[in-house]
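Presented below is the structure to which this report refers.
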Amino acid sequence: MNVEVTLNGNKVVGRTGMTILELARDNHVDIPTLCYHPDLTPIGVCRICVVEVEGSRMLLPACQTQIAPGMVVQTHSPKVVETRKTLVELMLSSHPDVCLVCDKGNHCELRQVAGDLGISMPRFRIKRHYYPSEDAGPYVVRDLTKCILCRRCVRACHEIKKADILAMGYQGFSSKVVAGRDEPLNGPVCQSCDVCISVCPVGALAKRGRDAHRGQGRTTHDGCRAPAGDFEMSL
């Protein structure tokens, strides 16, 4: 069934069950995302895709919100853009300033979104938590200091590989992606399928050798994160 929606002042037609994000992309309207991936269930955790919907008191995640007849949506209103900038700046403030030597380089989706929003230096200073880089098998490097907690790898492990090896551990600023009960990925707990690498938007999971985009990034900033707390497993 067709559904008529007003998108940025233009009347467009979508289908029942379609999300605002899907409708926008079908109509060549770019809504930035970081936790969304077309092969995974949307969870709206990064909030970068928020949009303004007439009649709603709060901004809604485009990746999860289904369209409805007569809906009026603004994808780049001043309120929306300012919210996105704040969220991305918070991520950058707790992200390491190693873009110049990061394996992800200019393929980093966080840097792309920040560039599109005109962000160079974040306004915030957040205590950063550092994790040691980990050899997760002969071809994979895991660096959780770069992780933005988008949960793509967790969902890919659960939904695509059906392995349930990765999960979210700990709470608050101490949250991080863990394998098993926070075991090294180079142990028997991981099957080294590389599915998690293929969906990671930043350099937290990277391939070694010729497939890496080493040294192609941009220098950024400094920042930090808070210390660890109690362990808790969740998807």
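The values are calculated or read from the model by the stated rules, or taken from the named source; none is laboratory data. Since we're looking at a predicted model, the values are computed, not measured. All Cβ positions, glycine included, derive from the backbone under ideal geometry; neighbour counts span all protein chains shown.
Take the residues of the stretch 79-102 that are in a loop (DSSP other than H, G, I, E, B) and not acidic (D, E): which is surrounded by the fewest Cβ atoms within 10 Å (Cβ to Cβ)?
V98
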Under 9 Å by Cβ, and 6 or more places apart or on different chains, what pairs join a residue from the stretch 116-135 that is closer than 19 Å to I48 by Cβ and not assigned by TED's automatic domain parsing to the domain that holds T33 with one that is in a loop (DSSP other than H, G, I, E, B) and basic (K, R)? I126/R225
Condition broken by D30, with the remaining ones in (1) among the charged types (D, E, K, R); (2) in a loop (DSSP other than H, G, I, E, B); (3) surrounded by 14 or more Cβ atoms within 10 Å (Cβ to Cβ) satisfied: (3)
From the list G44, G17, G105, which residue is of a type in the set (G, A, S), surrounded by 18 or more Cβ atoms within 10 Å (Cβ to Cβ), closer than 25 Å to R152 by Cα and not assigned by TED's automatic domain parsing to the domain that holds R152? G44
Residue check, H37 of a type outside the set (V, I, T), in a loop (DSSP other than H, G, I, E, B) and surrounded by 17 or more Cβ atoms within 10 Å (Cβ to Cβ): yes
